[in-house]
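The values are calculated or read from the model by the stated rules, or taken from the named source; none is laboratory data. As the structure is a computational prediction, the values presented were derived from the model and not from experiment. Every residue, glycine among them, receives a Cβ derived from its backbone with ideal geometry; neighbour counts consider all protein chains shown.
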Amino acid sequence: MSLTAEQVAAFERDGFLVLPDAIPVARCEELIERAEAIVDAFDPATVSIFTTDDQVRTTDQYFLDSASRISCFFEAEAFDADGSLRHAKAVSINKIGHALHDLDPTFDAFSRQPAIAEAAASVGFVDPLLVQSMYIFKGPHIGGEVACHQDATFLWTDPGSVVGFWVALQDATIENGCLWAQPGGHRGPLRRRFVQDPDTGARFDELDLTPLPEPGGPELVPLEAPAGTLVVLHGLLPHWSDVNRSERSRHAYAVHVVDGAARYPADNWLQRTPDLPLRGFAGAGTLHP
Ligand code: FE2
């Protein structure tokens, strides 16, 4: 399913492209089942709360190590004051990351399916490398906000190359916290980079003080997406998603791709261990030992 010239032009104009019915719903359901099995097997004693709060994340070795692992992160509101889970473990997880696509056969095959590989080829990758994957739960009542950001903040290359491939595994609507994006916002500057720091683990380096769009403000448009929709996101595109206070979960999966033809800085937060080199789209099913 290569993209048409009109679709590529829309991506270049807007910084995003919404492709309904790109992924079979049965494959989405298979991925949901696999993610639930991973959470089932996860021992919450190795806790990491995922929030967009700088302090929590920058001091968290568990987060840095997740570059080469399958790690579960809890919602910020998952625990009460005593440190006990408020809800069942299965609905308290915010996300799983960040090497699912290279460590789990189901995620490997899903990430390298033709719809995603062909969309990547269509938007101009020379040497696409799958660098990061995340399964996002956005559970009913508890699913947290993702602050307005640019993906290149977390995955900078020189020149910039990161593109996100985001799949709605369940219907994403305004009420359960769909993506919102700023049309054309990818032509703005990169605001900051998330880099490794020898003292604190990682930190944000501010690059440009141009403000990002206000959450819920007029610059952002909702990208409502039925299950099976593939959303392609330019690495500089500001995007945001709200809390999910609805009754319905909003599971999604995102894989981020960088170009091997670009330089990947040694101070990016995400550094894979040497035994887990980055791979492209070819060779699904040939996971590292
Ligand atoms: Fe993002």
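Worth a mention:
- Among residues of the stretch 149-160, those that are within 10 Å of the ligand (Cβ to nearest atom) and surrounded by 20 or more Cβ atoms within 10 Å (Cβ to Cβ), counted: 6
- Beta carbons closer than 6 Å, at least 6 apart along the sequence or on distinct chains, pair a first residue in the stretch 218-243 that is within 20 Å of A152 (Cβ to Cβ) and away from the ligand (no atom under 16 Å from the Cβ) with a second that is at pLDDT 95 or above and part of a loop (DSSP other than H, G, I, E, B) for E219/Q182; E219/P213.
- Leading residue by the ranking (surrounded by the most Cβ atoms within 10 Å (Cβ to Cβ)) among those in the stretch 244-257 that are over 13 Å from the mean Cα position of the chain (by Cα) and of a type outside the set (D, E, K, R): N244
- Matching residues in the stretch 184-212 - criterion: being outside any strand (DSSP E or B) and more than 19 Å from the chain's Cα centre (by Cα): G184, R187, G188, P189, P198, D199, T200, L207, D208, L209, T210, P211
- Flag for V8 being among the β-branched types (V, I, T), at pLDDT 85 or above and outside any helix (DSSP H, G or I): no
- Matching residues, the stretch 231-280, being of a type in the set (V, I, T), in a loop (DSSP other than H, G, I, E, B) and modelled with pLDDT of 95 or more: T273
- Comparison of V163, V146 shows that the only residue that is aliphatic (A, V, I, L, M), buried (at least 24 other Cβ atoms within 10 Å of the Cβ) and within 16 Å of the ligand (Cβ to nearest atom) is V163.
- Breaking point among (1) outside any loop (DSSP other than H, G, I, E, B); (2) within 16 Å of the ligand (Cβ to nearest atom), for G177: (1)
- All positions within the stretch 117-143 that are more than 28 Å from V91 (Cα to Cα) and either of a type in the set (D, E, K, R) or surrounded by fewer than 24 Cβ atoms within 10 Å (Cβ to Cβ) (or both): A117, E118, A120, A121, S122, V123, G124, F125, V126, D127, L129
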